[in-house]
Amino acid sequence: MGENYLVTGGAGFIGSHIVDALIKDGKIPIVIDNLSSGKIENLDPRALFYQQDITDREMMEKIFMLHKPKAVFHLAAQISVSRSVKEPEEDAKVNIIGTIGLLQMAIKYGVEKIIFSSTGGAIYGDDVKKIPTDENEFPKPLSPYGIAKFSTENYLRFFACEYGLKYATLRYANVYGPRQDPHGEAGVVAIFSRRMLKSDDVVIFGDGECVRDYVYVEDVARANLLAMDRLENDTVNIGTAIGTSVNELFEKMKAISGYSGKAIHEAPRPGDLKKSILNYSKASTLLDWEPTVTLEKGLEKTIEYFRNELETLK
């Protein structure tokens, strides 16, 4: 029997790429996902899949008891920032209470390490001293979603001190790539890809000068596996340290996709950060990690993925 690795939210966009990376590394991934935003098609059939919710303590207990995972990659979450603003209690139920239950199971069943997917943009807020922002910046999250992520980081520190549960926290920049949900709010690259390929109108909220740090999903998956082996009880940013405005992103994607339309500007969305760029030098030092896929290359791969997806729907 090989060692088991649990991936919560493993049928989701980032989670499924971590599952792929584990399989490629010869490891056995066990996936828990309630498919609220994940898709079964995202999963390699070699992964063992449970359609379950992390807030269901009884089922979680059974899965932990049966598989006794060595490590847990924790990505299952309520992922909508705007929904967290409208329904903070529901957000906390999944993202805080659900996570505490998971950590208690980890202690009970001897898990060695939790690798936690946190957020770089939503956690630091808009009032940052340095751009690109490093991990010394004290988090001032503006949304319940960001608050929940920061709360989890603090619970991980508590569980490490109190029970010796090891953790690695990764704060992501804007992750993009194949399998991203084009119906969500975070996936601007996925949304633009689909709309451009279908020759639909492309909407930019505000003046389009909001700046983001776009990191390719396979680079993020690789960082997770490195963190499992090399990062102990610490937090690193996973980004590219390069900022791209929404207007620049639109122009790059327009050139790659062959879209001929102009962007339509609408009112800015409340809570959108003006500028978020992450310094990844700590990840470079501790994990020997750096982004390898340029934005142009990543956009080409992503648009190609959505083009193929639309072809198969015809």
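The values are calculated or read from the model by the stated rules, or taken from the named source; none is laboratory data. Since the model is a prediction, treat every value here as computed from it, not as a measurement. Heads up, the Cβs are rebuilt from the backbone with ideal geometry, glycines too, and the neighbour counts pull from every protein chain shown. Quick note on the areas: whole protein, heavy atoms, side chains included, nothing else; ligands and nucleic acids left out. Shrake-Rupley method; radii C 1.70, N 1.55, O 1.52, S 1.80 Å.
Annotations
- Signed unit charges on C-beta, dipole axis of the chain, positive-most listed residue Ala148, Gly243, Gln51: Gln51
- Per-residue SASA remark: Ile264, around 70 Å² accessible (1.4 Å probe; ligands, DNA and RNA not included).
- Beta bridge orientation in the chain: antiparallel %, DSSP, nearest 5: 5 percent
- Stokes-Einstein D (µm²/s) once Rh is taken as the Kirkwood radius of the range 1-94 over alpha-carbon pairs, at 37 °C in 0.692 mPa s: 241 µm²/s
- Its DSSP H runs of at least 4 residues, each contributing -39,500 (n - 2.57), put the calculated 222 nm mean residue ellipticity of the chain at -12500 deg cm²/dmol, to the nearest 500.
- Listed by chain and number, the lysines placed with their C-alpha closer than 30 angstrom to that of Lys301 are Lys24, Lys27, Lys39, Lys149, Lys198, Lys252, Lys254, Lys262, Lys274, Lys275, Lys282, Lys314; residues fewer than eight positions away on the same chain are left out.
- When restricted to Cα atoms, the range 157-314 yields an Rg and a Dmax of 17.5, 58 Å, respectively.
- Gyration tensor over alpha-carbon atoms, the chain, equivalent ellipsoid semi-axes in Å: 31, 22, 18
- The charge dipole of the range 206-314, taken about its Cα centre with unit charges on the Cβ atoms of Lys, Arg (+1), Asp and Glu (-1) only, comes to about 280 debye.
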